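All remarks here apply to the structure that follows.
The values are calculated or read from the model by the stated rules, or taken from the named source; none is laboratory data. Computed from a prediction, not measured in an experiment: that's the story for all the values here. Because the Cβ atoms are built from the backbone with ideal geometry, glycine has one as well, and the counts that use them run over all protein chains shown. We work out accessible area using only protein heavy atoms, side chains counted, and drop any ligands, DNA or RNA first. Shrake-Rupley method; radii C 1.70, N 1.55, O 1.52, S 1.80 Å.
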Amino acid sequence: MAKQLIDAAAIAGVDYVKFQTFKAEKLVTKDAKQAEYQQRNAADDSQYAMLKKLELTPRQHEELIAYCKEKGVKFLSTAFDLESIEYLHSLNLGLWKIPSGEITNYPYLKKIAQYGEPVIMSTGMCSMDDVEQALNVLLKNGLTKEQITLLHCNTEYPTPMQDVNLKAMLQLRDKFGVKVGYSDHTKGIEVPIAAVALGAEVIEKHFTLDRTLPGPDHKASLEPNELKAMVDAICNIEQALGDGQKHVSASEAKNMAIARKSIVAAAEIKKGEFLTEENLTTKRPGMGISPMRWEEVIGTKAIRDFKEDELIEI
């Protein structure tokens, strides 16, 4: 199934496929309760029972890394315990993803920061103080702001639209001076597309082969055709954002003469007759004198005879 997910991701055109690396006994106590969305969607008595069945072995990691390479997408994984951090470091992935739940885990943050590699950190369930404290741990232990991307996030599956608070992503960017992105748990694809329009440089989104599959996250995930639609839309938005400078594009320049107007004769005008508000008007096409020169033209004498609708010359 993991390989099928990689296939779907490659077809959709994503950059990375992200997995999760953990040992259940290092991640959670035996009696830790499930979140509400997990209780609704997973038939297990505890987080431990649910997670134990989802561990990936080192051999599976290596097989999936090789498969990602074969399919032309990059492999990434989130570590959820210190031992898993060490294992992922041994794989030389060169990039770290810190999930929202670890943002208050000092030893975890310190260990990742000390490798000196770029970090993408989700900020679900966080106040600005929480984010600042976590950032300070990363910065004090070897990272620079240029190496850090913060993802605005809401950790509810699915996230209600009224709780998305997408503009908070801009607050993270402006206050902390780092790159920002958005980790999305809403239904559908419109919110991550909007995030890109606002300036998100990274989008993270859950996807599944089938939303009816058993498990806690499937119901809040995209199916393959939706993932492709999201990626396609994001690529379009990235192109559409442009360079931020207002100018005439090559595609529209050819329409200027068609859509704009010129000063033309409103009636027949004889040579030497004064050009006035009464005998002039403006009409398409825009190949003659621009109406913006109206005051310059009014009061001059006709240099020749003009028929009605003829472009004026001075």
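Brief remarks on what is shown
- 19 Å tail of the calculated P(r), the range 72-206, as % of Cα pairs: 48 percent
- Derived scalar couplings ³J(HN,Hα) [the range 279-294; Karplus, 6.51 cos²θ - 1.76 cosθ + 1.60; whole Hz; x for Gly, Pro]: 9, 10, 8, 10, 8, 6, x, x, 8, x, 6, 5, x, 5, 9, 3
- A simple count of charges around L150, restricted to other residues whose Cβ falls under 11 Å of its Cβ and scoring Lys, Arg +1 and Asp, Glu -1, yields +2.
- Read-out volume of the Cα convex hull per residue in Å³, derived from the coordinates shown; its label in (1) 135; (2) 174; (3) 191: (3)
- In the chain, the DSSP-assigned H stretches of four residues or longer account for a calculated mean residue ellipticity at 222 nm of -10500 deg cm²/dmol, using -39500 (n - 2.57) per stretch and the full residue count as denominator.
- Stokes-Einstein diffusion for the range 136-260, with the hydrodynamic radius set to the Kirkwood value over Cα pairs and evaluated at 20 °C in a medium of 1.002 mPa s, equals 127 µm²/s.
- Antiparallel bridges, percent of DSSP beta bridges restricted to the chain (to nearest 5): 25 percent
- Net charge contributed by nearby residues that have their C-beta within less than 9 Å of P285 (K/R +1, D/E -1): +4
- The charge dipole of the chain, taken about its Cα centre with unit charges on the Cβ atoms of Lys, Arg (+1), Asp and Glu (-1) only, comes to about 340 debye.
- Pairs from K18/K53; K205/K254; K111/K145 whose Cα-Cα separation, in the structure shown, is over 29 Å: K205/K254
- Across the options L91, A265, M128, the greatest Cα extent toward the positive end of the charge dipole of the chain (unit charges at beta carbon of Lys, Arg, Asp, Glu) belongs to L91.
- Cα-centred dipole magnitude for the range 144-258, charges only on beta-carbon of K, R (+1) and D, E (-1), debye, nearest 20: 260 debye
- Dipole orientation for the range 176-314: of the candidates L275, V202, S221, L275 has the Cα lying most toward the positive pole (charges on Cβ; Lys, Arg +1; Asp, Glu -1).
- Listed by chain and number, the aspartates and glutamates placed with their C-alpha closer than 20 angstrom to that of K246 are E238; residues fewer than eight positions away on the same chain are left out.
- Loop trypsin sites (Lys or Arg not before Pro), the range 155-223 (other Cβ atoms within 10 Å of the site Cβ: 16 or fewer; DSSP): K167, R211
- Cut-off under 5 Å, modelled amide H: who pairs with T21 long-range: T78, A79, F80
- The range 215-275 pair-distance distribution - Cα-Cα, 5 Å bins, rounded %: 3, 11, 11, 10, 9, 9, 8, 8, 6, 6, 5, 4, 3, 2, 2, 1, 1, 0
- Within the chain, longest stretch clear of exposed GluC sites (Glu not before Pro) (DSSP loop, no more than 13 other Cβ within 10 Å): 1-267
- Each residue of the range 124-134 is assigned a 3J(HN,Hα), and the resulting list reads x, 6, 10, 8, 5, 5, 4, 5, 4, 5, 5 Hz, derived from the Karplus form 6.51 cos²θ - 1.76 cosθ + 1.60 (θ = phi - 60°), x at Gly and Pro.
- Percent carbon-and-sulfur accessible area, the range 39-98, ignoring ligands, DNA and RNA, probe 1.4 Å: 49 percent
- Taken one residue at a time, the phi angles of the range 10-23 give Karplus couplings (6.51, -1.76, 1.60, θ = phi - 60°) of 5, 4, 5, x, 6, 8, 10, 10, 10, 9, 10, 10, 6, 10 Hz. Gly and Pro are set to x.
- Within the range 165-244, chymotrypsin sites (Phe, Trp or Tyr not before Pro) in DSSP loop having at most 15 other beta-carbon neighbours inside 10 Å: none
- Sorted largest first, the spans of the alpha carbon positions of the range 1-149 along the three principal axes are 40, 39, 26 Å.
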